[in-house]
């Protein structure tokens, strides 16, 4: 029997209702967060609760809770009685985010390269293969969604540090990289062969367990990308 055909007297297990509500709220949270990170909700955009409830299929009270959660992550700004606004972007904040990424990823590389086994190496090689294939296609002007390209880029960098042995580091790194990804999607910078060559150095260093070379390559990789993204942001 379909839910809309159920008799009105049918009672629902209150524990199941709480679980369903939590699941629906989490789905809405992931959708909103993704829309912010991927630039679908532009910086500075105001998010009226009444209007957003239809977009994300959540009640006003649930949305308020989710928006407050995103505000604590720095992705939204609470404006008191005026509601919420998508956080603005700036080259100064970009550099701050990039600095934190370098700190976490650089340490993760050292730990991961020292701990990594053959299974870890296989993950790194497989992730790089996907990324390199995508980069070659993009260099040849094949149209590919930026979201897929960035997904492969992120997966490769995560694979590099995946054997670091610290769940807290990986969790914090993922949060920082979401903020970094937001800038990548907004600034839309593609460095082509330069970035691809830096990724190859990172791959080769991983196989050789040469964390010092990898750390230097990472600094160049991130700082060059940040420089180009900052130019786009400052010109906007």
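Points worth noting:
- Over the chain, equivalent-ellipsoid semi-axes from the Cα gyration tensor in Å: 37, 23, 17
- Entry note, segment 32-118: relative contact order of 27 percent, from Cα contacts under 8 Å with a spacing of 6+ residues.
- Between helix 167-187 and the chain: long-axis angle, C-alpha atoms, 0 to 90°, nearest 10: 90 degrees
- Additional length obtainable on full extension of the chain from residue 141 to residue 234, 0.36 nm per residue less Cα span: 30.8 nm
- Calculated [θ] (222 nm, deg cm²/dmol) that DSSP helices of n ≥ 4 give over the chain, each run adding -39,500 (n - 2.57): -24500 deg cm²/dmol
- Rounded tilt (10° steps) of 91-115 against the dominant C-alpha axis of the chain: 70 degrees
- Mean separation of Cα pairs under 8 Å and 6 or more residues apart, divided by the residue count, gives the chain a relative contact order of 23 percent.
- Pair residue 35, residue 171: separation of 7 Å Cα→Cβ label points (nm): 2.7 nm
- Taking other C-beta atoms within 10 angstrom as a stand-in for reagent exposure, 220, 172 fall in the order 220, 172, fewest first.
- The ranking of 221, 107 from fewest to most other beta carbons within 10 Å of each one's beta carbon is 107, 221.
- Nearest-ten-degree value, helix 146-161 long axis tilted from longest Cα axis of the chain: 60 degrees
- GNM on the chain, alpha-carbon springs under 10 angstrom: the most fluctuating residue among 29, 183, 56 is 56.
Coordinate-derived values only; no laboratory data. All of these numbers come straight from a predicted model, not from anything done at the bench. Every residue, glycine among them, receives a Cβ derived from its backbone with ideal geometry; neighbour counts consider all protein chains shown.
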